[in-house]
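Have a look at the structure below before the remarks.
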Amino acid sequence: MEILRAEHLSKIYGQGENQVRALEDVSFSVEKGQFVAIVGPSGSGKSTLLHILGGVDRPTRGKVYLQGQDVFAQKEDQLAIFRRRQVGLIYQFYNLIPVLDVVENITLPVLMDGRQVNRARLEDLLTTLNLKDREHHLPNQLSGGQQQRVSIGRALMNSPAVVLADEPTGNLDSRNSQEILELLKLCNTQYGQTLVVITHDESIALQADRILTMEDGKIRRDEVIR
Amino acid sequence: MNIVNQVTWKNMAQNKTRTMVTVLGILLAAAMFTGVTTLGVSLVDYLRQLAVYQKGDYFIRFDYGTDENVQGVSQEKSVTKAGDLKALGYTSVSLEQDGYTKQETYVVAAGDQGFYDMVTVRLEAVRLPENSGEIVITGNLAVYLEKLGLPCGLGDPVTLSVTPEYQPEENASFPELPITGTAFTREYRIVGINEVVCKLDDEALGLSYLLTYADDHTEQALWHRLYVKTDPAGDVYGLQDKGYGLTEKANTQLLELYGASRYGNVNTWIYRICGVLMAVILAGTVSLIYNAFSISVSERTKQFGLLRSVGATNAQLRRSVYFEAATLCAVGIPLGILGGYLGIGLTLRLTGHLIRGLLAGSEQSGIVLRAVPSGAAFAWAAAASAAAVFLSAWAPARRATKIPPIAAVRQSLDYQIPKNTIRSGVPAPGAFPDFWRENITPSAGENTGPLSFP
Ligand SMILES: Nc1ncnc2c1ncn2[C@@H]1O[C@H](COP(=O)(O)OP(=O)(O)O)[C@@H](O)[C@H]1O
Ligand SMILES: [Mg+2]
């Protein structure tokens with residue numbers, strides 16, 4: 001079943017001589033439960049693509065459908081609500097709210113929705129992410145790996161339709177990297193969580209179901225591994 | 001508290017210095033507003049006290065009324081205070097001097113408690129009467145009595161024979177006064193001596209009053225003088241039209257201070273000047289507090305963007321800025337009002353005497369300009385301060401909602417932005433450059449200078 005579809009996405013930054021074509025007519029679709037890796041040289045448009053898929057940036061042209069919903073046809077507030085319910089974003093630099101503790105950061109999308117926190121799911125996540133004894137620590141009291149685990153928790157808390165990760169291990173040592181990847185794979189295999197992960201690390205890419213290779217704002221190769 | 005506000009709250013706690021400075025700004029604004037409103041209210045209060053001292057605490061006076069008139073006024077809903085001076089009759093003393101007879105006639109009148117509360121009777125000696133057997137005579141009468149060899153000191157008895165008949169001779173147009181009472185003779189005890197004459201502004205009759213107190217033993221009234229205060233003050237005109245006496249006279253001096261004069265209203269002018277001053281203060285404080293909020297929002301640009309990227313709506317972000325404003329107000333405004341009140345209180349205590357020489361009658365009245373605590377003054381100051389704060393927060397709150405999430409989530413190492421593209425005037429580091437925003441809506445096309453990419 002198709003869960004995510006990009007249609008003729010283009011993104012142009014700047015104007016005239018300074019114009020940068022970050023994405024040029026990118027189209028592809030992702031099946032539910034698929035683990036997709038995006039690779040490519042720096043500046044090839046990977047992050048731009050991911051941000052557009054997650055609804056945090058708008059394409060210059062083209063459309064994104066998530067679960068059949070035309071993402072950018074929504075009004076701004078609908079888009080915000082869409083983001084917190086349907087998209088889980090993970091970044092290289094974690095992007096946690098510095099004044100909120102671990103539990104608050106993880107439950108942020110739920111609380112922002114004005115909903116009750118599902119205690120069982122929270123406990124489950126804290127255990128899985130090995131953050132049980134860090135519940136009330138602030139981000140600056142945590143190591144990089146721990147902060148990244150918190151941001152994974154935040155991305156997963158709402159059971160989003162898709163989790164998008166932009167070089168989630170780019171800032172971690174290999175031991176922590178592998179741990180983070182195992183966690184992502186776990187939620188992919190265990191809960192059928194659809195995953196799109198940007199990575200520079202070939203060994204990580206090879207663990208995915210499918211690898212998209214980008215170059216100059218275009219998809220050069222699209223290989224299904226398993 | 002919702003989570004976005006919680007984030008705001010925690011940021012405020014973390015940025016203690018900036019929070020304190022903003023509270024201080026709001027405090028100063030509230031103090032200045034309170035100073036102005038309290039000064040205005042105190043000035044009006046001072047002028048009212050003077051007017052009361054000079055004429056009395058009433059809006060209108062009905063003269064030569066009947067018992068029915070008294071009844072009628074007491075049934076008027078808008079009347080808040082009434083004083084009744086019952087004229088009991090007339091008494092005369094005559095003195096042979098230098099070959100001719102000098103005769104002086106007085107009105108003997110009994111005031112009820114309301115009358116003594118509302119009308120200032122200026123005594124030279126001792127006290128006001130407290131029952132119908134006590135009387136305050138005038139200085140003039142005391143001189144007559146002394147010349148007649150009668151006792152005239154305080155505590156002395158004086159026997160007055162009172163008749164119901166008197167018509168002013170010179171004033172032909174004067175209304176015919178009722179002669180309903182009966183003549184009587186009564187011994188009074190002198191408890192006080194009034195100023196030389198005591199005409200109580202009764203120019204028509206032109207007689208001095210000898211004042212006693214109205215109680216159950218008071219004789220039948222010939223006619224009444226009714227002093228009335230209403231709420232709202234403007235209702236006196238309705239009473240005036242009903243004519244609860246043969247003649248009536250409005251206390252314009254006081255009405256002017258209650259905004260109910262048909263001519264110029266002094267209090268309205270004072271409040272207008274306050275309004276102008278407050279507008280000036282508003283303009284000043286808005287620019288001050290605006291900066292504080294601007295800095296707060298730009299310092300938190302990254303956080304706003306992050307919150308948006310995890311799905312905060314515009315309304316949530318805007319509300320969080322207003323939440324910050326409300327929290328700061330909750331601390332700054334009460335403290336400011338207190339400070340402003342104490343400040344103006346001290347100022348007037350030190351300088352209040354300066355105004356005394358300026359206004360007629362203020363010197364001998366002993367009334368001084370003092371700060372009056374007024375709920376209305378505080379409420380206006382609070383409202384003006386709140387308005388200043390929310391006006392200041394408005395633009396930054398809007399700006400908070402304009403921060404695109406991409407600005408926050410773009411990893412800083414992705415590319416570098418040349419310095420000159422960062423908008424000047426946004427002081428905080430990490431402030432959000434305009435051109436990113438414009439990339440979100442490609443139509444907003446302003447050239448933002450070259451970019452260099454690593
Ligand atoms: N806000 C921006 N303004 C101008 N150019 C940008 C902006 N963001 C990204 N770019 C450019 O777009 C291209 C694609 O960037 P990006 O998607 O970050 O690539 P990747 O993530 O693959 O390194 C790069 O040339 C980059 O410099
Ligand atoms: Mg990138």
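Across segment A:174-209, what is the number of residues that are within 16 Å of ligand 2 (Cβ to nearest atom) and open to solvent by less than 10 Å² (accessible area, probe 1.4 Å)? Explain how you work it out, then say what you get.
Residues of segment A:174-209 within 16 Å of ligand 2 (Cβ to nearest atom): A:196-201, A:204-205.
Remaining after also requiring open to solvent by less than 10 Å² (accessible area, probe 1.4 Å): A:196-199, A:204-205.
Within segment A:174-209, residues that are within 16 Å of ligand 2 (Cβ to nearest atom) and open to solvent by less than 10 Å² (accessible area, probe 1.4 Å) number 6.
Anything in segment A:87-103 that is surrounded by fewer than 21 Cβ atoms within 10 Å (Cβ to Cβ) and in a helix (DSSP H, G or I)? List them, or say none.
A:VAL103
Can we say A:VAL36 is closer than 17 Å to A:LYS218 by Cβ and either away from ligand 2 (no atom under 16 Å from the Cβ) or surrounded by 15 or more Cβ atoms within 10 Å (Cβ to Cβ) (or both)?
yes
What number goes with the only condition from (1) under 30 Å from A:GLU24 (Cβ atoms); (2) in contact with a Leu (Cβ under 8 Å, 6 or more places away or on another chain); (3) surrounded by fewer than 23 Cβ atoms within 10 Å (Cβ to Cβ) that A:ASN171 does not pass?
That leaves (2) as the condition not met.
Specify the residue that is nearest to the chain's Cα centre (by Cα); the eligible residues are those in segment A:27-55 that are assigned to a strand (DSSP E or B) and within 11 Å of ligand 1 (Cβ to nearest atom).
Step by step, filter segment A:27-55, then rank; the result is A:ILE38.
Condition first: of a type outside the set (Val, Ile, Thr) and closer than 28 Å to B:GLN14 by Cβ. Can you find one or more residues in segment B:343-366 that meet it?
no
Just the residues that are of a type in the set (Val, Ile, Thr) and surrounded by fewer than 24 Cβ atoms within 10 Å (Cβ to Cβ), please, taken from segment A:42-66.
A:THR60, A:VAL64
Quickly run through segment A:1-26 and pick out the residues that are acidic (Asp, Glu), assigned to a strand (DSSP E or B) and either within 14 Å of chain B (Cβ to nearest Cβ) or closer than 17 Å to A:THR48 by Cα (or both).
Correct list: A:GLU7, A:GLU24, A:ASP25.
Which members of segment A:1-26 meet the condition of being in contact with a Ser or Thr (Cβ under 7 Å, 6 or more places away or on another chain) and more than 13 Å from ligand 1 (Cβ to nearest atom)?
Selection gives A:GLU2, A:ILE3, A:LEU4, A:ARG5, A:ALA6, A:GLU7, A:HIS8, A:ASP25.
Tell me, yes or no, whether segment A:175-190 has at least one residue that is within 14 Å of A:ILE106 (Cα to Cα) and either among the charged types (D, E, K, R) or away from ligand 1 (no atom under 16 Å from the Cβ) (or both).
First, the residues of segment A:175-190 that are within 14 Å of A:ILE106 (Cα to Cα): none.
The answer is no, given that none of the residues of segment A:175-190 is within 14 Å of A:ILE106 (Cα to Cα) and either among the charged types (D, E, K, R) or away from ligand 1 (no atom under 16 Å from the Cβ) (or both).
Checking B:THR185 against (1) part of a loop (DSSP other than H, G, I, E, B); (2) open to solvent by 60 Å² or more (accessible area, probe 1.4 Å), which single condition isn't satisfied?
Failing condition for B:THR185: (1).
Does at least one position in segment B:177-189 carry a residue that is at pLDDT below 90 and within 17 Å of B:SER208 (Cβ to Cβ)?
Looking through segment B:177-189, at least one residue is at pLDDT below 90 and within 17 Å of B:SER208 (Cβ to Cβ).
Could you grab the pairs with beta carbons closer than 6 Å, sequence gap of 6+ or different chains, first residue in segment B:298-314 and more than 7 Å from chain A (Cβ to nearest Cβ), second one among the aliphatic types (A, V, I, L, M) and outside any helix (DSSP H, G or I)?
Here the result reads B:SER298/B:VAL426; B:SER298/B:ALA428; B:SER298/B:ALA431; B:GLU299/B:ALA428; B:THR301/B:ILE403; B:THR301/B:ALA431; B:PHE304/B:ILE403; B:GLY305/B:ILE403, each pair linking segment B:298-314 to a residue that is among the aliphatic types (A, V, I, L, M) and outside any helix (DSSP H, G or I).
The values are calculated or read from the model by the stated rules, or taken from the named source; none is laboratory data. Everything quoted here is computed from the prediction, not taken from an experiment. With ideal geometry, Cβ positions are generated from the backbone for all residues, glycine too; neighbour counts draw on all protein chains shown. Only protein heavy atoms, including side chains, enter the accessible area calculation; ligands, DNA and RNA are left aside. Shrake-Rupley method; radii C 1.70, N 1.55, O 1.52, S 1.80 Å.
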